[in-house]
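Read through the structure below, which is laid out as structure tokens, and then see the notes.
None of the figures in this text is laboratory data; all of them are computed from the coordinates on show. None of the values given here were measured: they were computed from a predicted structure. We place every Cβ from the backbone using ideal geometry, glycine too, and count neighbours over all the protein chains shown.
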Amino acid sequence: MKTKDFENAIDALKCNITIDEIKILKGNVRCCFAHKGRTLLMWDEVGKAFSTNMYAEKEDDITPDTHTNLPLECYGRDSVFDLKFE
């Protein structure tokens, strides 16, 4: 999937999600990181969602670098945020 496909699918969730980082490999999205409040989100290349909660003092403490410092094992499967591509 292309970046625009992911952006549109995330917008279609209508959940006020902020995209933090999109990792691309050979022109296609490999992984996408975002957050909604204190919930950190990650999608794989097919739009399967994973999430974890970040216990920060303030939402402003969550930055794109927050995902970098967090092992992928901290994320659990969360089908509520699965993406549907048109």
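Quick look at the numbers
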item: Residue within the stretch 31-38 that is aromatic (Phe, Trp, Tyr) and touching a helix residue (DSSP H, G or I) at 6+ places or on another chain (Cβ under 9 Å) present; result: yes
item: Among residues of the stretch 10-28, those that are among the charged types (D, E, K, R) and over 22 Å from residue 86 (Cβ atoms), counted; result: 4
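Rundown of residues vs (1) part of a strand (DSSP E or B); (2) surrounded by 14 or more Cβ atoms within 10 Å (Cβ to Cβ), yes/no style:
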{"residue": "1", "(1), (2)": "no, yes"}
{"residue": "5", "(1), (2)": "no, yes"}
{"residue": "10", "(1), (2)": "no, yes"}
{"residue": "16", "(1), (2)": "no, no"}
{"residue": "19", "(1), (2)": "yes, yes"}
{"residue": "31", "(1), (2)": "yes, yes"}
{"residue": "40", "(1), (2)": "yes, yes"}
{"residue": "52", "(1), (2)": "yes, yes"}
{"residue": "66", "(1), (2)": "no, yes"}
